1. Compare the Cα positions of Asn323, Tyr258, Gln273 along the charge dipole of segment 251-389 (+1 at Cβ of Lys, Arg; -1 at Cβ of Asp, Glu; about the Cα centre) and return the one farthest towards the positive end.
2. Specify the longest stretch of the chain that does not include any exposed loop site, a site being one of the GluC sites (Glu not before Pro) with a non-H, G, I, E, B DSSP assignment and at most 10 other Cβ atoms within 10 Å.
3. Sequence gap of 8 or more, or different chains, plus Cα separation below 25 Å: how many lysine pairs satisfy both in the chain?
4. Once you have a ≥ b ≥ c as the square roots of the Cα gyration tensor eigenvalues for segment 236-335, tell me rounded if a/c is under 1.5, and otherwise prolate or oblate according to whether a/b is larger than b/c.
5. Compute the signed sum of charges (Lys and Arg +1, Asp and Glu -1) over the other residues within less than 12 Å, Cβ to Cβ, of Ile65.
6. Considering the Cα trace of the chain, what is its radius of gyration and what is Dmax, both in angstroms?
7. Tell me the per residue accessible area of the chain using a 1.4 Å probe; a whole number in Å² is fine.
8. Could you let me know the centre-to-centre spacing of segment 329-360 and segment 130-192, using Cα atoms, in angstrom?
Amino acid sequence: MKFPNFVGPAYTSQSPNVDCERTVNWYPEITEAPGAKANIVLYPCPGFESFADLSPGPVRALYAINGRTFAVSGYVFYEISTTGVATTRGSVAIDANPATISSNGDGGDQLFITSGDHGYCFDLTSNTLTTVLASGCTVGDFLDGFFLSLDTATATFRISDLLDGLTWDATQYAQRNTGADTWQAMQVVHREIWLLGSQTSDVFYNSGAFPFPFAPIPGAFIQQGTQSTFSLASLNQSLIWLSHNAQGSGMVMRSNGYTADRISTHAIEWAIQRYETIEDAQAFTYQEQGHNFYVLLFPSAKATWVWDMTTNLWHERGYWVSNDNQFDSIRVACHCHPHDNISLVGNRLTGEVYRMSVSIATDVDGLGMRRQRRARGLSQDETWILYGQMQLDMESGLGLATGQGSDPQVMLRISRDGGHTWGNEYWASAGKIGQYSKRVIWNRLGRSRNAAFEVTVTDPIPWRITQAFLTVRKGLS
């Protein structure tokens, strides 16, 4: 029989007896062609290959504009060439937070960098970096010719002069007065400034007033905020963030007009709300092969959750730590897209910048990426089910010519108590290079009243799973 729902998103419920699904380093894609072999398949999340070394690290921001690419790594502001050559453009202050980079375009020909609570202006013509604000710079952005700088300590945002990031009039700022909670995050989208407080949020627009042109939009008051400043990211004309308000926290929200819609699931919220801290969460977004991804990292909790806007499905990503025998948060935490077919990401622990692509099958350490799919448990009236054979329907014959991956292996584990405990691994070959008809099969799999099946792969090949099949027989109760 066809294995019901073997391919699917991540969803581990409070009780694994209800659902124990995990999808790590694969993303589900819903097929768009009528009559396709399967309605939903698993494709590999992108891998990484080294592109540039930006010592000392960590890489805290990446930004690309008009064919030029910039980064903040540790206390150094870099420019990166198209071939990965790094040139130092100045020094910046550093703290534990990510940095931000924004541009005022051809009109000003400048960048605004926030790092370590300081603000800097970089002249793109003379390649000079100047400190312009000595404090109050948690996050920066740009709108209608003005650079913006948010100070979360005072719940104010300041603006530069028009198309002049070198000049900041101390009288040109807005102080929050619509809510008692302080602004914690800022992002520009739809030519509007979204300012998220710890419990409620405001939206400002360019009213054309003088001398301070920005004002709150009447009625645009959102009863959701955040305590995770760097979880806020824009994706396909929407904003997404990890929420907090007077009632609680730990939901992932998406802007919808001037309201916030919940996009997280109960399973993800149950996981997030058990983390010791979520304030250090940070996010980045990117698009690849028609999928728009929101990547949410929890460094302290060693977890990474990813929402695919295209399918509205969640999956996990992780960096496998063999000594701990568990996944950690992925090593990359910022992204930019310099030009066609190139996505760059920065290592959150070192100064390494990588090219990221689904055509790359290795993790940041150059080893094969560990991928895992755990399907929900199978049961029928709590009677014994005897499992004769399982076949994994996948693209086989993708082995490499030599080395790891020349005979790629799939590891199967079975839980006979609904996902609470797991048995030993059973290995099966996925076919050497060119063995496209290779069948991935396990036999004599025993019995259970509530069995869950998990497959894991580590070889550096493009693993693609379509579905699975089981040979079963009902036993005596």
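1. The Cα lying farthest towards the positive end belongs to Asn323.
2. Details: sites that count: Glu32, Glu276, Glu382.
Excluding the exposed sites themselves, the longest stretch runs over 33-275.
3. On the way: Lys2/Lys37; Lys2/Lys438; Lys2/Lys474; Lys37/Lys432; Lys37/Lys438.
Going through the chain pair by pair, I get 5.
4. On the way: a/c = 2.00, a/b = 1.24, b/c = 1.62.
Taking the square roots of the gyration eigenvalues as a ≥ b ≥ c, segment 236-335 is oblate.
5. For residues surrounding Ile65, the net value is -2.
6. Calculated on Cα positions, Rg and Dmax stand at 24.5, 82 Å.
7. Values: 20060 Å² over 477 residues.
I get 42 Å² per residue for this part.
8. 28 Å
The values are calculated or read from the model by the stated rules, or taken from the named source; none is laboratory data. In this text, all values refer to a predicted model and were calculated from it rather than measured experimentally. For neighbour counting, all protein chains shown are included, and Cβ atoms are generated from backbone atoms with ideal geometry for every residue, glycine included. We work out accessible area using only protein heavy atoms, side chains counted, and drop any ligands, DNA or RNA first. Shrake-Rupley method; radii C 1.70, N 1.55, O 1.52, S 1.80 Å.
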